[in-house]
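Colleague: Structure incoming, see below.
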Amino acid sequence: MAGGTGRAWLDCQKPMMADQSLSLAMDGLEKMRKMLESTPSGSSDEWKEAEQLQYIDMDKEVFKIYVTKAESSVMQDDHAVGLEWIQKAKELLPQIPNESSYLALLCYNFGCDSVDKKHYKATIAWLRESLELGKGEHPIESEFQARTLRLLASTYLDWDPEQYGQKALNAVGLANAEHSHPSGLHLKIKILLCVNGSDNRIRGAVDDLISHADLSVNLAVHTVKMLAQHDKLDISLYSCQKMASCFSSHSDIGRVYLQHLELLLSNKKISEAKTFVEECITDHSSVFDVDINNQRHFHSVLWDQAASAYDVDDNAEALAWYNCSLTLLTRSDPKHESLAKLQRNRASCYLNLQQLDKALEAVKEAEKLDPTSPFTWYILYKVALWQANEEEATQAIQRLCDCSKEEKQEDGSDNKETVLSLICLAAQMALEKDNRSIAMRCLEKVVQYSEDQQQILTSLRCLTRLQLTSAQGKDNVTEANAVLSYMKTAYDTVHTEIDKDDVDIEWSQEARWFMKISWNMALELTEKSTLTHEFFMICSKFSHLLPPEQNNAAHQKTCLLMASAAALQMAREQLNQDDKLASFKLCLDHVRACRDINQELHPEQGSDSKETTSILLTLYEFEAVANLGEVSELDRILEAVGSNPTTEIKTLETMAALVMEPPFLPSSICKKVLQVVIQKYLQQPDGMDLNKCSKALHGIIELCLKDVRASYDTASKQEAWTHFITELNLIENNQGTTKYPEMQILWLLTQAWNTGIHLLNGGQLTDAEKWCGLAVRVMNHLTSLKSNYEEKMKTIYSEVLEKIEREKLKGNLEEE
């Protein structure tokens, strides 16, 4: 029972506990032996036979304890003690000879355990012990002995090939003599290689191996590889030739051909390799149809060789290898999954060789086999680009982009990522070919499909530069609109990223770059008001993405100011009335936003500022409000301008000029503006510019007279008369800093006279006499021109007075 307990402890990897149980078991057996020996023996044969059986059973139990103790010692790496226990067990073999094979196997197993731990000395001791046990009265089969000898030879070789190489050879020689096995012959070759044996000995060992009936293809190929690793190329090639003959009818002969080919290629025997491949294709192509793995490996070798040649720009060489693969594939499987890729590779080689027609033919075959592959359309694009066929190149790029809709490629990689990489390469290639239009289409596709924000911005930068450089010296609205679309996309992209990362330096730099481009584009497109407005507005948006600082706020203000001006110009150019009004409203929005920023920047200036921005904003607001017909707002602006002592006369002159230019505003608005201007002129402390003042007066007089001529409006007549008198007083008093222009006086005379005649014809005799008299009064202030008008006017004036008198008399008679 104690022995069984010891066995159990050993199985639990508890050798020390096992030793204790085994010692108890041993003590028990010793007591039993003594008891048995002290018992008187009987004289009968039956008694003696029974006693002998008891001794044998006891020896068996002792044997078990000895071998178990040996196992425990080996488990504790105490091999010397283990060997002692085995020796004790051997001493019992005469009584139990059938246990010799078990003991030999046990020693062999101890040797295997030791060699795994690299305890070579112990391994050799155990294997030697196993061999000795196998030679006893009950010898073990030769296969087992040969296996033990092979392990012994391997142990010598692993321990120290220089010191124990000969012992290893001796051991393997004994093994092969005991029982010839391919692994033993292979081991002999290995030992000869390690001890630098002669080529003749190695070749002889190889012949022995190849001629062995049980040699497997796997071991044969492994042997060839081992020979090659030890620089025995000639013997390796010799082995391949012999093995090809040996395994000619074997289903796995393809592995031998593969090894032969790899040997030739790895040793730069390219010519021999090509010849060998042609031989395989011609004579042994069916071999690779049997095993798909061998077929795949064979093509992999050919493709690797082609790729190596392609990498060093030896396209003809690469094409030759690809053609070999094509020949073999089309014979075995015309619809093979790799044919499309193979045709694409061939097309690339043809392209580099400038054989465009053959390249197109190859890639068309690839298209038939794999129309959803992005690589197929990329090669088609390359062919079209090299043929300068923009239409085909554009279609190929679109089909390439369509491939991104496929979820995964056959190899499991992300289709969209592959497509984007290929489009980037396509853009770069188009630029290298100096084909800007195709390059721009490619970059636009990157912007459309990419999810990498930095990649999108980089593409937009390139697109912008390409558009700007291609449009230099041209007035091309199409290019400008394209750049504008790039700016808008860039803004959306940067805005999204800055929202995520707060204000990141990298994104701020991107915003600054696009802002500068937008600003420059706006300045270059001043004749295109709509585009100018769009670029200034996108520039303003970019500036909002920059870190808050005074310079940035000033830039926002300037952008809005320029956008206001552009919106005004848009309104002036619009033919549709609704669009015109919308543009004026847009201008007002910009003015108010700009004024808010300006107030933040210069809070001390207030509303009476002479600052240029404030003045321009007032003018823009005035024009927009006037054209929108917002009378209350216009009155507010005019009142503010008129009551502001800091308002410069130039501002008012500009306002006056605005209302007098086509398209003409309602006369009531024009009159209000001109009235403020005239009032400002009259309030000049240092005297007025009579020339400018007269123009303003003429403007308001002309507006009033239009109403008079249209409807004989009494209020308009009186208003016109008041302005006439004001101007006449200026002429008579001569209070200006300049002399009153005579042509202005002549204009005033003509208007007064024509008004009088118009009233006369309309039957308004009193008013007619009044206006004609005013004309005569004005005439007296003419100088050089007076003589041209005085006599004729006085004559006509007399006739007018007579006519008026007659009309009055006639009227009196009719009343009587």
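Colleague: State which residue is modelled with the highest pLDDT when the search covers only the stretch 632-668 and only residues that are closer than 19 Å to Ser694 by Cβ, out of contact with any helix residue (DSSP H, G or I) (no Cβ under 7 Å at 6 or more places or on another chain) and part of a helix (DSSP H, G or I).
Modeller: In this case the residue turns out to be Lys650.
Colleague: Here's something else I'd like to know. Right, Ala205: outside any helix (DSSP H, G or I) and without any contact (Cβ under 8 Å) to a residue 24 or more places away in the chain or not?
Modeller: In short, no.
Colleague: Output the residue which, of all residues in the stretch 282-311 that are at pLDDT 80 or above, more than 19 Å from Ala347 (Cβ to Cβ) and of a type in the set (A, V, I, L, M, F, W, C), is farthest from the chain's Cα centre (by Cα).
Modeller: Within the stretch 282-311, the match that is farthest from the chain's Cα centre (by Cα) is Phe298.
Colleague: Looking at the stretch 165-174, is at least one residue of a type outside the set (A, V, I, L, M), in a helix (DSSP H, G or I) and in contact with a Gly (Cβ under 8 Å, 6 or more places away or on another chain)?
Modeller: No, every residue in the stretch 165-174 fails to be of a type outside the set (A, V, I, L, M), in a helix (DSSP H, G or I) and in contact with a Gly (Cβ under 8 Å, 6 or more places away or on another chain).
Colleague: Sticking with this structure for a sec: Mind listing whichever residues of the stretch 729-784 are modelled with pLDDT of 85 or more and in a loop (DSSP other than H, G, I, E, B)?
Modeller: Within the stretch 729-784, Asn780, His781, Leu782, Thr783, Ser784 meet the criteria.
Colleague: Are any residues in the stretch 644-689 of a type in the set (Phe, Trp, Tyr), surrounded by 19 or more Cβ atoms within 10 Å (Cβ to Cβ) and under 18 Å from Val631 (Cα atoms), and if so, which ones?
Modeller: Initial filter on the stretch 644-689 (of a type in the set (Phe, Trp, Tyr)): 664, 681.
Now drop any that are not surrounded by 19 or more Cβ atoms within 10 Å (Cβ to Cβ), which leaves 681.
Those that are of a type in the set (Phe, Trp, Tyr), surrounded by 19 or more Cβ atoms within 10 Å (Cβ to Cβ) and under 18 Å from Val631 (Cα atoms): none in the stretch 644-689.
Colleague: Further, regarding this structure: Given the condition hydroxyl-bearing (Ser, Thr, Tyr), out of contact with any Gly (no Cβ under 8 Å at 6 or more places or on another chain) and modelled with pLDDT under 90, answer yes or no: does some residue in the stretch 91-100 qualify?
Modeller: Within the stretch 91-100, not a single residue is hydroxyl-bearing (Ser, Thr, Tyr), out of contact with any Gly (no Cβ under 8 Å at 6 or more places or on another chain) and modelled with pLDDT under 90.
Colleague: When Gly184 is evaluated against the numbered criteria (1) out of contact with any Lys or Arg (no Cβ under 7 Å at 6 or more places or on another chain); (2) without any contact (Cβ under 8 Å) to a residue 40 or more places away in the chain; (3) buried (at least 24 other Cβ atoms within 10 Å of the Cβ); (4) not hydrophobic (A, V, I, L, M, F, W, C), which criterion, by number, is the only one it fails?
Modeller: (1)
Colleague: Could you check, for the stretch 238-246, whether at least one of its residues is at pLDDT below 85 and within 19 Å of Ser183 (Cβ to Cβ)?
Modeller: Yes, that holds for at least one residue.
Colleague: Let me ask something additional. In the stretch 119-128, what residues are surrounded by fewer than 23 Cβ atoms within 10 Å (Cβ to Cβ) and within 25 Å of Pro182 (Cα to Cα)?
Modeller: Tyr120, Ile124, Arg128
Colleague: Further question: Under 9 Å between Cβ atoms, at least 6 apart or on separate chains: pull out the pairs that start in the stretch 350-373 with a residue that is among the hydrophobic types (A, V, I, L, M, F, W, C) and end on any residue that is part of a loop (DSSP other than H, G, I, E, B).
Modeller: Final answer for the pair search is Leu356/Gln387; Ala359/Leu353; Leu360/Gln387; Ala366/Ser373; Leu369/Lys335; Leu369/His336; Leu369/Glu337.
Colleague: Now for a separate question. Among the residues of the stretch 140-161, write down those that are over 58 Å from the mean Cα position of the chain (by Cα) and surrounded by fewer than 17 Cβ atoms within 10 Å (Cβ to Cβ).
Modeller: So in the stretch 140-161, the residues over 58 Å from the mean Cα position of the chain (by Cα) come out as 140-153, 156.
Across the stretch 140-161, the qualifying residues are Glu141, Ser142, Glu143.
Colleague: Please enumerate the residues belonging to the stretch 90-120 that are under 20 Å from Ala80 (Cα atoms) and in a loop (DSSP other than H, G, I, E, B).
Modeller: Passing the criteria: Leu92, Lys117, Lys118, His119.
Colleague: Also, quick follow-up: Do we find that Cys401 is of a type in the set (A, V, I, L, M, F, W, C), over 20 Å from Ser338 (Cα atoms) and part of a helix (DSSP H, G or I) in this structure?
Modeller: Judged against the criteria, Cys401 is a match.
Colleague: Would you be able to tell me the number of residues in the stretch 85-94 that are touching a helix residue (DSSP H, G or I) at 6+ places or on another chain (Cβ under 8 Å) and either more than 19 Å from Pro139 (Cβ to Cβ) or hydroxyl-bearing (Ser, Thr, Tyr) (or both)?
Modeller: Final tally of qualifying residues: 2.
Colleague: A further question follows. Restricting attention to the stretch 139-154, which residues are out of contact with any Leu (no Cβ under 7 Å at 6 or more places or on another chain) and either among the hydrophobic types (A, V, I, L, M, F, W, C) or assigned to a helix (DSSP H, G or I) (or both)?
Modeller: Selection gives Ile140, Ser142, Glu143, Phe144, Ala146, Arg147.
Colleague: Collect the residues in the stretch 669-692 that are part of a helix (DSSP H, G or I), of a type outside the set (Val, Ile, Thr) and closer than 20 Å to Phe622 by Cβ, keeping them in residue-number order.
Modeller: Correct list: Cys670, Lys671, Lys672, Leu674, Gln675, Gln679, Lys680, Tyr681, Lys692.
For every residue, the table says whether it meets (1) acidic (Asp, Glu); (2) exposed (fewer than 14 other Cβ atoms within 10 Å of the Cβ); (3) under 16 Å from His299 (Cβ atoms).
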residue	(1), (2), (3)
His336	no, no, yes
Ala340	no, no, yes
Arg346	no, no, yes
Trp377	no, no, no
Val383	no, no, no
Gln395	no, no, no
Asp402	yes, yes, no
Val419	no, no, no
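Colleague: Go through the stretch 432-464 and give me each residue that's without any contact (Cβ under 8 Å) to a residue 40 or more places away in the chain, hydroxyl-bearing (Ser, Thr, Tyr) and within 15 Å of Phe514 (Cα to Cα).
Modeller: Listed by number, the residues that qualify are Thr458, Ser459.
The values are calculated or read from the model by the stated rules, or taken from the named source; none is laboratory data. Keep in mind it's a predicted model, so treat the numbers as computed, not measured. Quick reminder, even Gly has a Cβ in these numbers, built from the backbone with ideal geometry, and neighbours come from all protein chains shown.
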